[in-house]
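Written below as structure tokens is the structure these notes are about.
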Amino acid sequence: MSFPDSTLAGAETMPARWPWRRWRSAWRRWSLWTVLVALVVSMLITLVWLAGRYEAVQVQDRLERDAANAVADIRTALNRNLQDLQALSSQADDLQEWRARAAEVLQVRREILRIEWRDARLRLQAFAETPYRPMQWEDGQRDDSQSHAQLTCANARRLNGPAYSSSYFQLLSEGLGSEMMEVCLPLSHNGRYEGFILATYSLQSILINQVSKNLSHSQEVSFTEPDGTRLALVGAAWRGTRVFTAQQILDLPGNMLMLRLDHWHRAPSVFPNVLTALVTTMSIALGTVLVILVRDNRRRLRAERDLGEALAFRKAMEDSLITGLRARDLKGRISYVNPAFCEMVGFTSEELLGLNFAPYWPPELSEEYHQRQLKRLAGKAPPSREGYESVFMRKDGTRFPVLIFEAPLISAQGRHTGWMSAFLDISQQRRMEELSRASQERLQATARLATVGEMASLLSHELTQPLMTIASYAAGSLNMLGHEPAGDNAGALRQQLQDLRTAMQRIAHQAERAGRVIKSVRDFVRRRDQSREQVHASELIDAVLPLVRMQARKLGVRVITQLDSDLPPVLCDPTMVEQVLLNLARNGTQAMDGVDTHPRELTLRVRHITTSAHASWLEFSVIDCGSGIDEAVAEQLFTPFFTTREEGMGLGLSLCRTVIEQHGGTLRHSPNLPRGTVFSFTLPAPPLN
């Protein structure tokens, strides 16, 4: 097999090109790493240099502050000493006392070596020396006109105030010496000089007493001349390889000193410390970042898995719900519907999502629903726990009732993003309610048929009293007819006939009342509308009052009536209300039978009660003075067939409460203090104008 020459040439040149490409790729990769390393090294060197520079700046700034504080302390001390010297001139006439006071100042101010009092011609009057550092003073030399003392006082006179001399060297014992400084304070009275106070300072003592206490072991403070010559030196117990210097001027009247503060610092060893710390910190940071990334990746994967499971679980719940769910944004567009809602209205989610109108609204109600939606979007939504009913239309046009609950849709950041609505199809519930209503009506009819026997007992119970009254009036009439009047007294005969006519009228009235009772009970059993009319409370009381008084007279009970004035009429069935009053009054009189109580009174009271502008009531109260009602009896007082009397049937109070409740009122009882019971019932009445 033969190959073209060009192919052979390419095969021969490929091995020669391949190392070049590998070298170029390696050079590019290593050049990038070199640049990265160079950048890191440059950054480290810059950081080291900046750290050293920052450290030197911090040391120098701190030293400048210390020097300024030292100058301030020295100036404060010198001013304080001037005040003490000024105080020595207050009793200058007594030399002994002046020396004693000057000695006290020297004991306190150790930087002052000598205090002199000179007259106006600078002649020495008295002096005092420090007890801490005795010195040999040559007074003749100090009295020389060119001495520092003379020159300083002359300068003080010229300045008309305290003046300081320039420093001078004073020999001490054992070949030692010290830099001294004089201060002269002129004494004047009425503009005339009377003398001078002259004090001698030791510059070394000033540094020791005012500055050294604030120095560190690596600091050194000194007084220098402007040319750098040191006059006094304190400190520098330890010296390093690098010194920082700060200078501050101590400007005094007549003299100027330079305060120099040196701080010895070790050579900057910050390079290996910063480099090691930086590398270690970067390594720890990289490792920490890697761990955090791995952990964050695991958490993210776990969160994604949990989110997927939560979404699947929520999707399964949404698919199994029979409650329709719908979400809308703040502009009214539908952003979410669940399968139950789609099945409820007959539209698919693709047909509903993104619409800002509802195709399931009935056309005849669409305008009303649109206005309601605008109110919801404006933030006027009802409470989420209170739903409201509406009517929807399925895709095939059928209507069905729904119960809607709406609540604001809040995002994770707490922002209101829309509205979430829940829908319940209550058509089946409506059918069940209709069936329940029909069943309830049948049960009520059955219950009323069951009360027929109870009504028969009521008739026998309620008609006993009217019939007994009829019998009593009839017997009285017969007695009156059989009684022969004495003589031919026509007036007495007419009176007897009148009484007989009255008795027969009452017999007729009670018979008519018995018929009305039977008719009312029959209407009650048959659930007919009872005939109600407007009746005044006085008429109801007057109708039952004769029967009440008849029974009360037999038991020795006094009947009292209390009616408010201007009582409005009530709309009621007079016969049934009279039976209630009669039954309660009869129970009240019987409660006082056989009870030793005083007074034996039965009170019938009617009051007008107004609870609001649209609610007005008449309260009828029957008050007795009997033994009261026990708590055990009060719990079953209105229970049918419960009675505490042997001849009672236990239906009176139960039927009374039924009658009052049918009129819209309430029947209740309460104790009458100090003894007895109050039975009260209310009937609705129009409010008074």
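The values are calculated or read from the model by the stated rules, or taken from the named source; none is laboratory data. Computed from a prediction, not measured in an experiment: that's the story for all the values here. Cβ atoms come from the backbone with ideal geometry, glycine included; neighbour counts cover every protein chain shown.
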Q) Do we find that SER222 is at pLDDT 85 or above, buried (at least 19 other Cβ atoms within 10 Å of the Cβ) and closer than 20 Å to ASN81 by Cα in this structure? A) no
Q | the range 564-588 residues that are within 14 Å of PHE681 (Cα to Cα) and touching a residue at least 24 places away in the same chain (Cβ under 8 Å), paired with ones that are outside any helix (DSSP H, G or I) and among the charged types (D, E, K, R) (beta carbon under 7 Å, 6 or more apart) | A | CYS572/ARG532
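So that you can scan it fast, the table gives a plain yes or no per residue for (1) under 23 Å from PRO186 (Cβ atoms); (2) surrounded by 12 or more Cβ atoms within 10 Å (Cβ to Cβ); (3) out of contact with any strand residue (DSSP E or B) (no Cβ under 7 Å at 6 or more places or on another chain); (4) outside the structural domain of PRO131 (by TED's automatic domain parsing):
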{"site": "ALA56", "(1), (2), (3), (4)": "no, yes, yes, yes"}
{"site": "VAL59", "(1), (2), (3), (4)": "no, yes, no, yes"}
{"site": "LEU63", "(1), (2), (3), (4)": "no, yes, no, yes"}
{"site": "ALA67", "(1), (2), (3), (4)": "no, yes, no, yes"}
{"site": "LEU85", "(1), (2), (3), (4)": "yes, yes, no, no"}
{"site": "LEU88", "(1), (2), (3), (4)": "yes, yes, no, no"}
{"site": "LEU95", "(1), (2), (3), (4)": "yes, yes, no, no"}
{"site": "ARG114", "(1), (2), (3), (4)": "yes, yes, no, no"}
Q. Can you tell me which residue in the range 544-560 is surrounded by the fewest Cβ atoms within 10 Å (Cβ to Cβ), limited to those that are among the basic types (Lys, Arg) and in a helix (DSSP H, G or I)?
A. LYS554
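Residues being aliphatic (A, V, I, L, M) and at pLDDT 90 or above: count how many of those fall in the range 152-180.
Selection size over the range 152-180: 1.
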Q) Going through the range 324-349 one residue at a time, which ones are assigned to a loop (DSSP other than H, G, I, E, B) and either touching an Asp or Glu at 6+ places or on another chain (Cβ under 9 Å) or at positive phi (or both)? A) GLY332, ASN338, GLY346
